[in-house]
Amino acid sequence: MKIQTRGWFQQGPAASDGPVMRITGGPVTNDPGGWAAGRVPGDDLLRLAAAWTIGLDTMARAAVAAVSAVAETQLRSMMAEALSGKFADWVFVDFLSSPPRRAVSAREPDPALVAALGEVAARSCPVISSAVSRCTPEVRASIDDEWMLGGLADGRPVASVIGARSVAVGPILAADGACGAITVVRSRVGPRLGFRELGILSQIGRLAGVAAERLRAEPRSGPGRFPGAHNG
C-alpha cells in the first residue's frame, strides 16, 4: 500500500503497488462534514460503528445488484443507485465498452446535471484512468486537481461543479483485466473517504466484475476493455 503526500511527510509502508491514497496540500482539516476535534472515545466508537454499518449495507445492496442485473445497462444503474445516499453524494459507474457507457446516481439528484455528467468520458478523468490502467483502487482524501474527474461540455471542471471533497475509484475487474470503474464522491455526506471505504469499494468492484463476466458469457454484448489495463 502506497501513500503519496505533497507539502508534508507522512510515514507509511513502502510498496510498489497496492491501493493508492494521495493526501495533498498538508494535513486534512476537520471541516464541516468531517470529524471534529475534542471527541470522547464513545463518539469515536459510535462513528466507527455507523461507518461500518453503512459500508456493509452498501456492499449488500451492491451484491443484490450484481446478482439481479440481467443486462449491462441495468447493472450500471443498479450499482450506481446501490452506492449513492449514505455512502456517497455522487456515484459514477463506467463500463468501457465501445462506445463507453456511464450511469450516474446522486444523493440529491439534479436531472440536468446528472445528464451532463453522464456524457463525461471516463478516459478524460485522470483519477479514473489511473485506477483502471493499474487495476488498483485509488482514493484522494482531498482535491488537489479540479480536473481529476474531467470536465463538462460547458468547460467547467466536474469536481468543482459537484463540490467534491474526496474521491475514491474502484476498478471493475473481470478475468482478463479492468472493464470499467466505480467512482464515489463525497461532498457533504460523512467524513472524507479513506482506506475503509477504499476496501469496500474494491470488493464492490470485484462483484461488478463477476457480474459483467456473467453477462458477457450470455448472448449479449459485454463491456469492452481499457487499453493497457492489466492485472497485478
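The values are calculated or read from the model by the stated rules, or taken from the named source; none is laboratory data. Being a predicted model, the structure only gives us computed values, none of them experimental. Because the Cβ atoms are built from the backbone with ideal geometry, glycine has one as well, and the counts that use them run over all protein chains shown.
Of the residues Ala175, Ala141, Ala208, Ala131, which is exposed (fewer than 15 other Cβ atoms within 10 Å of the Cβ), at negative phi, of a type in the set (A, V, I, L, M, F, W, C) and at pLDDT below 95? Break it down into steps so the answer makes sense when it comes.
Details: Ala141 fails: exposed (fewer than 15 other Cβ atoms within 10 Å of the Cβ); Ala208 fails: exposed (fewer than 15 other Cβ atoms within 10 Å of the Cβ); Ala131 fails: exposed (fewer than 15 other Cβ atoms within 10 Å of the Cβ).
Answer to the check: Ala175.
The residues of region 98-117 that are more than 14 Å from the chain's Cα centre (by Cα) and of a type in the set (Lys, Arg), listed by number, are Arg101, Arg107. Considering region 142-173, the residues that are small (Gly, Ala, Ser) and part of a loop (DSSP other than H, G, I, E, B) include one that is farthest from Ala66 (Cα to Cα), namely Gly155.
Do you know which residues across region 94-129 are assigned to a helix (DSSP H, G or I) and more than 14 Å from Gly180 (Cβ to Cβ)? Across region 94-129, the qualifying residues are Pro111, Ala112, Leu113, Val114, Ala115, Ala116, Leu117, Ser124, Pro126, Val127.
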